[in-house]
Structure formats: structure tokens, C-alpha cells
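Shown next, in C-alpha cells, is the structure this report addresses.
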Amino acid sequence: MRAVLIEEGEASVTSFGTGFCRTRRWTACVCVAGIAFGIIGCGTKSKEARQTPETASNVVATVEGAPITGTSLREEWGKAIRGRTTAAEVKVARDVALEGLIRTEAIYAQAKASGFDQTPEMQSRIKAMVVAQFKERQWKPSLTTVDPGEIKAYYDSHKGEYATPAMVRGSVIYISAPSKADAEREARARQDAESVLELARGTAAVQDYKAVVSKYSSDPGTRYSGGDTGWLVPGSDIVNPEIVDALSKLPKQGLFAPLVRTSNHWCIVKLLDLKGPATKSLAEVGESIRTKILHRRKAGEEIEFSNRMVAGLKVSINKAELDAVSPPVNSMDPPESPGRERGVQPVGVKPVHQQSSSDRAGPAADSFGGQQTASRDALTGGVAKAGSAVSGQTSRFVPRSLLPTSDL
């Protein structure tokens with residue numbers, strides 16, 4: 001491979017190897033670089049530069065005919081010069097920048113010579129890059145604000161999504177009592193539980209109660225946190241419904257329930273706190289609603305942009321071959337496009353392959369109007385239901401000693 005270095009008013013040819021040829025004066029023009037092995041390298045305008053005829057005065061070097069211009073050198077020189085102050089260091093930075101550009105062009109030339117840029121993988125990456133850049137330049141979301149009245153209307157029609165059920169929080173001391181224990185052992189375990197219950201009832205200070213839990217509870221997962229269950233929803237699908245039921249029957253904080261028998265324990269159950277059902281206010285959820293509305297609108301605009309791109313083009317689908325494609329095994333959902341919510345189908349916009357030519361050229365989808373109620377309320381994607389919103393908080397409540405033997 002040969003690299004050509006061009007001085008102003010004079011051209012000289014030298015071999016490019018481990019050494020590096022330095023010249024004295026350089027000129028500046030259009031920025032060029034290259035893509036090496038699918039990664040955009042230094043100077044991202046090499047393709048555009050190759051499409052523009054260059055003159056000798058515009059080019060500081062060439063690699064197999066590919067020009068490196070003064071502008072691209074200046075750009076890379078600016079990066080290499082950081083932290084360098086003396087004139088000698090600045091000149092070294094220039095040489096380092098040029099060598100980097102030459103190496104990039106050399107790698108790119110070798111990649112092209114080997115046909116690497118024509119492999120399906122690279123063609124797919126190039127296509128994706130072109131599509132992304134073209135789309136970024138051609139389409140900009142136009143809707144950036146949401147009327148407060150629209151936010152309130154959504155809140156009023158979806159209040160159920162922001163409701164939380166009644167919840168209880170308790171403390172449990174577990175006294176081991178296997179279900180297969182004989183009568184004598186069962187009686188002894190219950191007697192021990194009654195003794196611990198009386199001891200726990202007699203503690204006035206929180207630290208004293210926690211000391212009792214730490215000393216007598218057989219569950220390693222909660223004994224050192226005062227037996228805290230976290231917030232629980234009565235009637236939810238949990239491992240220990242007997243304990244939750246006992247907690248929900250206690251009228252106020254600090255009270256103890258009668259001893260509770262589970263499959264493997266006698267339990268001392270104390271109510272720490274309780275909450276009645278509630279609904280989050282508009283002030284609490286208004287910002288999240290605004291974001292949902294914007295996401296939905298952007299999704300609609302994005303599809304409309306795609307429809308305009310499809311309009312006038314011939315699109316055909318081979319139904320037989322389409323139906324013959326088997327689904328991927330253990331595949332993961334593809335990442336969502338920016339501004340798109342998973343599963344959101346904008347109201348009033350058909351998928352491209354289901355549209356007629358008139359649909360593709362048709363007007364924009366309506367602005368979050370009456371059709372939203374008839375839709376699947378895709379805007380609610382990501383909003384946890386009341387029960388599921390709390391379920392994640394119950395993990396601390398399931399002690400290992402209460403899990404089925406097969407799970408231990």
C-alpha cells in the first residue's frame with residue numbers, strides 16, 4: 001500500500017510503513033475519513049469527501065487514492081493537541097493526527113479490498129446507519145407541549161390506575177413447628193410461642209422488642225430487621241395468607257394477634273402500621289401523564305413519517321412465505337425506538353403493511369381525542385396496577401423457612 005503526502009507547490013511519494021514522513025506546510029479543505037470494520041472512525045465525512053472532486057491543493061495526503069484533506073486533519077489535530085503547549089508538542093500532535101487518519105484510511109482500504117464492506121452484516125449496519133441519519137434529519141417531533149386540561153382529562157378517566165389498596169405492615173416472630181411434628185413436640189412449640197408472645201407484649205421500647213425478635217425468631221431473613229414484613233396487601237397472592245389475614249384484623253398499631261399457625265411455624269404477629277385505600281393526586285402523577293401523552297403523539301408522528309416514505313413506492317408481501325417463517329426461539333423483544341412505548345399502537349394509524357395508498361398519504365392521526373377511550377389505552381403501559389405495584393415490596397416477607405421444602 002502506498003501513501004501519498006503532498007506539500008504546497010510540490011508533491012512527493014513515499015512508502016507508508018512503521019515510520020512516518022513529516023512535511024512542512026499543509027493546506028485545509030473538506031473533512032474526510034473512513035469507516036473501519038463497521039465503526040465510524042476519525043473524520044466522519046470521508047464518504048461525502050470521496051464524492052467531491054479534490055484538487056492537489058486541497059489534499060494533504062492520499063491512501064490508495066482516498067484523499068485526506070486539511071479540514072479533516074485540523075479536526076483531528078484539535079483533538080490531539082489537548083494538553084500540549086509548546087510549539088514542538090503542537091507539531092508532534094499534528095503528525096500524530098495525520099498518522100491516525102492515514103491508518104484509518106489504510107484499514108478501510110484493506111477492508112474494501114477484502115470485500116468486508118459488502119458482507120451481509122456490514123451492509124445491514126450501513127443500511128441501519130443511513131436510515132437512522134436520514135430519519136434524524138428529515139423528521140423532528142413537532143409536539144412538545146401538552147395542555148393542562150388534557151392532562152386532567154386523562155387523569156379523571158384513569159383514576160383507577162393511580163389507586164392503591166389498603167395495606168398493612170407487621171412484624172412476625174417465627175417459632176419452628178414442622179407440620180410432621182408429633183403431638184409432644186407440637187405442644188412444646190406452642191408453649192414456647194406463647195411464652196415469647198408474652199415476652200414480646202411486655203416490651204415497651206422498640207429496641208427491646210427487636211432484641212426479642214432477634215433472639216427467638218427462627219427465620220434468618222427477618223430476625224435481624226425486627227421481623228418486619230414490609231407493606232402487604234390483604235388478599236394478594238402471597239405465601240403466608242394466614243399472617244396477612246391476622247394483621248388485617250388488628251384495629252390499630254402495636255397490637256398483637258392471637259398465635260398464628262402456618263405449615264412450619266407458630267407465629268407471633270404484631271401490627272406495625274396500616275394504610276387505607278388511597279388515590280394519588282393529579283399533582284403527583286401529572287408529569288408522568290404528560291410524558292405518556294407526548295410519547296404517544298411522537299409514536300403517531302413517527303409512523304406518519306414512515307407512511308410518507310412508503311407512499312408512492314411499490315410494496316408487495318408474499319403471504320405464503322410470510323406464514324412459513326417460524327418464530328425465533330428464546331428471542332427477546334427488540335429495543336423500542338426513541339419516543340416509543342412498548343406495545344403502543346397510535347390511535348387512528350394503521351400499520352404500514354395494512355394501509356392502502358390513500359391511507360399512507362392521509363392526514364395525521366387526531367390529537368389524542370375521543371378515540372383514546374376505544375383504544376386499548378396503550379398509554380397506560382408501564383403504569384403498575386395497584387396490586388402489582390405493591391407486590392414487589394413483599395419479597396422481604398417470604399422467609400426461607402416458610403418456602404416449600406423443594407424450594408429450600
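Brief remarks follow.
- Between ARG82 and MET122, the simple label model (points 7 Å from Cα in the Cβ direction) yields a spacing of 2.9 nm.
- The number of Lys pairs in the range 86-171 with C-alpha atoms less than 29 Å apart, excluding pairs fewer than 8 positions apart on the same chain, is 5.
- The range 272-315 versus the range 100-127: alpha-carbon centroid distance in Å: 40
- R0 of 60 Å, Cβ-Cβ distance GLN110-SER176: FRET efficiency to nearest 0.05: 0.25
- Taken along the Cα-to-beta-carbon direction at a fixed 7 Å, the label points for GLN138 and ALA204 span 7.9 nm.
- Label zone at GLN253 (point 7 Å along Cα-to-Cβ), backbone N below 15 Å, the range 262-282: 270-276
- Inter-site label distance for ASP147 and PHE305 at 7 Å from Cα along Cβ, in nm: 2.5
Coordinate-derived values only; no laboratory data. Everything numeric in this text was worked out from a predicted model, so none of it was measured. Using ideal geometry, Cβ is built from the backbone for each residue, glycine included, and neighbour counts are taken over all protein chains shown.
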